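Each reported figure results from applying straightforward, stated rules to the coordinates on display, with no laboratory input. Fair warning: this is a prediction, and the values are worked out from it, not measured in the lab. Here the Cβ positions follow ideal geometry from the backbone for every residue, glycine too, while neighbour counts run over all protein chains shown.
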Amino acid sequence: MCIIQDELMPGGKTGVIFKLIEILNKYDIIPDLYSYDAGKIANVTKSKNIQFNFKKVTDFGIKRFTYYKNYFLLRLISNRLQNYDFIFNSTHCLNKNIFPNKLVNYIHYLYPLEYSEPNFLKISLSRKLYLLPLKWLNRDYSKNGSKYGLVIANSSFTKKKIEEWYPSQKNKVQVIYPPVNIKYFWNEQNNRSNQVISVGNFEPQKDQLTQIKIAKFFPNIKFIITGFVNFKFRRDYYNKCLNYVKHLNVKNVILKPNLGKEELRLLLQKSKYFIHTRKNEHFGISIVEAIAAGCIPLVHDSGGQREIVPFENFRFGSIADAVIKFEKILKSDINYIRKKFQQHIQKFSEERFEDNILSIIKRKLRNR
């Protein structure tokens, strides 16, 4: 069996393949893992008790054109895939006629979908030109959707987007939610600090600036904004957030970059509330982790987070709406609400993911 992923960065996408490897290891299967990314392998596998054979794929020294490198990854190694019984593709891209009977595509975010993002018209001309060939490469003229192999989406939102872009996949895409370590974060205690926490990489898409604007309306409540700052563009956005806090003179906002996993868990477990401002998040693992830790969520009313937060009173469309919703949450019985949310998120557990993915593997092996 083999797994294919373009890069091995900390995050939900890599978490899925590591959980898959852990599941396979239970059955004494040591898969091969193909990736361009060899440099960070030691860091991301640290403390992971999993076994796999790493197979580096050369990117010919090309540092840019990430979307295109990912699209061609399967084709670059196609001649090495013929002897595998099961192929798990985690590159954000669909390719036709690459051993479809053995291929499972797990899609977190389909690259052509950037064309359907609300802010597409606002992006630069150079960005649009960069994306144009990708749109052509991902055109779907096939009437036989099975040529792509089995397509799995990480949420019903992603499933809908895939089926819109690939008409041949209509009613064929399955949904398997990513595995969340609910047990690790689980906490039901009621005695908590009156504070709001957010978790997400510091970057414009996560929109931490909106969180700072919302915090200004609640000066007596502490807002703790956490996230990774591990690239220059994230450092630039983090500094922009810092300057924004100073410019608005918001004294109740604290930025905490690059927290360790245990420190983050403890912070979630002592916080009453969680805020997530990303628009059209395709899933939102951090939201599930926060609910497991006992936080009451307030999230943007779009994307896959609607599946995690199914109650409209805890979703907002604008800053003004967020302020109104949060004022109501502050007056609510949060202990009752916490129980409702924690019951709901059981569908996102690691155990549910394992059952679903094993069922897929067994079916593929029977039909190959």
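Step by step: first the residues of segment 209-259, then only those that are of a type in the set (Val, Ile, Thr) and in a helix (DSSP H, G or I), then the one that is nearest to the chain's Cα centre (by Cα). Which residue is that?
Here the answer is Thr210.
Looking at segment 184-205, can you tell me whether even one residue there is within 30 Å of Asn356 (Cβ to Cβ), in contact with a strand residue (DSSP E or B) (Cβ under 8 Å, 6 or more places away or on another chain) and assigned to a helix (DSSP H, G or I)?
no
Given the condition among the aliphatic types (A, V, I, L, M), crowded, with 22+ Cβ neighbours inside 10 Å and in contact with a Gly (Cβ under 6 Å, 6 or more places away or on another chain), answer yes or no: does some residue in segment 316-324 qualify?
No: zero hits.
Out of the residues in segment 64-81 that are among the aromatic types (Phe, Trp, Tyr) and in a helix (DSSP H, G or I), state the one that is surrounded by the most Cβ atoms within 10 Å (Cβ to Cβ).
Top of the filtered list is Tyr71.
If we keep just the residues of segment 202-229 that are free of Cβ contacts under 8 Å to residues at least 60 places away in the same chain and over 28 Å from Asp333 (Cβ atoms), which is surrounded by the most Cβ atoms within 10 Å (Cβ to Cβ)?
Out of the qualifying residues, it is Phe202.
Looking only at segment 82-91, which residues are assigned to a loop (DSSP other than H, G, I, E, B) and in contact with a strand residue (DSSP E or B) (Cβ under 9 Å, 6 or more places away or on another chain)?
The answer is Tyr84, Phe86, Ser90, Thr91.
Would you call Ile296 among the aliphatic types (A, V, I, L, M), out of contact with any Gly (no Cβ under 7 Å at 6 or more places or on another chain) and closer than 23 Å to Lys331 by Cβ?
In short, yes.
Take Phe274 and tell me if it is within 23 Å of Asn190 (Cα to Cα), among the hydrophobic types (A, V, I, L, M, F, W, C) and buried (at least 19 other Cβ atoms within 10 Å of the Cβ).
yes
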